[in-house]
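Enquirer: I'd like to ask you about the structure that follows.
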Amino acid sequence: MLSREHLLTYIYLLVYILLSSGVILYNKWVLSTKYFNFPYPITLTMIHMGFSGVVAVLLIRVFKVISPIKMTFQIYATCVIPISAFFASSLWFGNTAYLYISVAFIQMLKSLMPVATFLTAVVCGTDKLRCDVFLNMVLVSVGVVISSYGEIHFNVLGTGYQVMGMFGEALRLVLTQVLLQKKGLTLNPITSLYYIAPCSFVFLFIPWYFLEKPVMEVSQIQFNFWIFFSNALCALALNFSIFLVIGRTGAVTIRVAGVLKDWILIALSTVLFPESMITGLNIIGYAIALSGVVMYNYLKVRDARASQLLIENLPERVELKTEKASDLYDPNVNVHNISGGRNV
């Protein structure tokens with residue numbers, strides 16, 4: 001029989017998988033011209049950011065659920081603003097991809113996320129170019145190329161948007177490590193939304209004003225309050241579920257859950273969206289890419305454990321100086337991550 005603690009852990013994982021899959025499918029349904037027909041990804045993302053920001057302000061300033069961190073203007077200008085800019089761009093490009101390519105193919109392309117993060121970290125000097133990791137990145141890339149070649153409804157523009165969104169997210173993750181973590185700042189989901197969501201809203205307003213506002217006709221927009229409210233609420237709930245799962249299980253478990261979620265999501269998308277067809281070459285390419293991702297995750301976990309053992313075996317006086325080194329950077333599972341209404 002399962003203990004109460006194990007049962008609760010499985011419930012958290014199930015909630016995370018359902019919310020993560022649900023947000024992606026919900027966004028696709030809202031943005032698609034074949035369904036709800038609201039083809040304005042920047043507007044939808046701004047609704048998510050505005051809603052999340054308001055909720056965070058209420059929780060911190062009104063209900064006093066949690067206290068804000070000590071944020072100086074210098075830290076905000078040099079850390080929060082750049083992170084928010086790349087976060088806004090990743091949301092903009094990632095959600096725009098739903099207009100052009102299927103959910104299943106987007107999930108396959110997301111296998112490139114470790115590649116984007118690794119290359120960005122190497123360029124920024126936060127990671128070293130290693131032969132074993134590089135070979136894994138090549139394997140992932142080959143798998144994605146094969147999967148793309150087998151895509152029936154391949155769209156260059158949609159693929160480009162998705163890839164740009166991943167590199168925007170990779171830059172945000174690296175900046176979080178370089179700027180925030182090195183300053184000793186730790187943001188939970190509520191404080192992350194409190195500081196980053198309003199700033200991201202402002203960055204999104206600029207392209208919205210020039211790209212979407214001129215073509216939006218109010219008379220033709222299907223604005224359903226409950227649709228957008230529930231959509232934004234699901235995105236907010238996903239942020240909290242990520243934090244709960246990581247805090248209860250750790251990075252390894254959520255990685256496994258993420259792989260399971262991707263397969264479930266690909267299968268569900270083909271059922272809910274009949275135009276989203278999967279070929280045998282898609283599956284073969286994705287399986288190759290996924291094997292590279294699994295091996296990459298194994299290497300990261302192995303390196304993290306080795307570093308942790310090294311720290312624990314250091315003399316006590318050295319341990320006091322390096323206690324923050326145990327907060328190992330993980331580009332795939334980051335407690336500072338806020339989804340903004342798309343997959344994480």
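The values are calculated or read from the model by the stated rules, or taken from the named source; none is laboratory data. Predicted model only: the values in this text are computed from it and were never measured. Heads up, the Cβs are rebuilt from the backbone with ideal geometry, glycines too, and the neighbour counts pull from every protein chain shown. Keep in mind that these areas ignore ligands, DNA and RNA; they rest on the heavy atoms of the full protein, side chains included. Shrake-Rupley method; radii C 1.70, N 1.55, O 1.52, S 1.80 Å.
Enquirer: Can you compute 3J(HN,Hα) from phi for each residue in segment 165-176, using the Karplus curve 6.51 cos²θ - 1.76 cosθ + 1.60 with θ = phi - 60°, rounded to whole Hz and x for Gly and Pro?
Expert: Once θ is set to phi - 60°, the couplings for segment 165-176 become x, 5, 5, x, 5, 4, 5, 5, 5, 5, 5, 4 Hz.
Enquirer: Applying a 10 Å radius around every beta-carbon, put 106-113, 184-191 in order of their mean neighbour count, most first. Write down the numbers at each step before the final one.
Expert: Working: 106-113: 23.4, 184-191: 17.5.
Those peptides, ordered most packed to least, come out 106-113, 184-191.
Enquirer: Between the alpha-carbon centers of segment 90-158 and segment 174-190, tell me the distance in whole angstrom.
Expert: 24
Enquirer: Roughly how many debye, to the nearest 20, is the charge dipole of the chain about its Cα centre, given +1 on each Lys and Arg Cβ, -1 on each Asp and Glu Cβ, and no other charges?
Expert: 540
Enquirer: What does the C-alpha gyration tensor say about the overall shape of segment 134-176? Classify as rounded when a/c is under 1.5, otherwise prolate if a/b is larger than b/c, or oblate.
Expert: Oblate.
Enquirer: Quick check: at a probe of 1.4 Å, how many percent of the accessible area of the chain sits on carbon and sulfur atoms?
Expert: The computed percentage sits at 70.
Enquirer: Compute the relative contact order of the chain as a whole-number percentage, counting only Cα pairs closer than 8 Å that sit 6 or more residues apart in sequence.
Expert: The value is 34 percent.
Enquirer: Run the helix sum for the chain: -39,500 (n - 2.57) per DSSP H stretch of 4+ residues, divided by residue count, reported at 222 nm to the nearest 500 deg cm²/dmol.
Expert: After summing the helix terms and dividing by residue count, I get -22000 deg cm²/dmol.
Enquirer: Just order 4-10, 156-162, 234-240, 36-42 by mean Cβ neighbour count inside 10 Å, highest at the front, would you?
Expert: 234-240, 36-42, 156-162, 4-10
Enquirer: Hey, what did segment 1-119 get for relative contact order, percent, Cα under 8 Å, at least 6 apart?
Expert: About 29 percent, as a whole number.
Enquirer: Mind putting a number on the dipole of segment 202-314 about its Cα centre? Charges go on the C-beta only, +1 for Lys and Arg and -1 for Asp and Glu, and I need it in Debye to the nearest 20.
Expert: It works out to roughly 400 debye.
Enquirer: Looking at the square roots a ≥ b ≥ c of the eigenvalues of the Cα gyration tensor of segment 154-298, which shape do they give, rounded for a/c under 1.5, prolate if a/b is larger than b/c, or oblate?
Expert: Oblate shape, in that a/c is at least 1.5 and b/c is the bigger or equal ratio.
Enquirer: Count of lysine pairs in the chain with Cα atoms under 24 Å apart, counting only pairs 8 or more residues apart in sequence or on different chains?
Expert: 26
Enquirer: Taking the solvent-accessible surface of protein heavy atoms with a 1.4 Å probe, what is the per residue accessible area of the chain in Å²?
Expert: About 49 Å² of surface per residue is accessible.
Enquirer: Protein chains only, probe 1.4 Å: how do ILE283, ILE196 rank by accessible area, largest first? Each step should come with its number before you reach the end.
Expert: Numbers: ILE283 65, ILE196 10 Å².
These residues rank, largest area first, as ILE283, ILE196.
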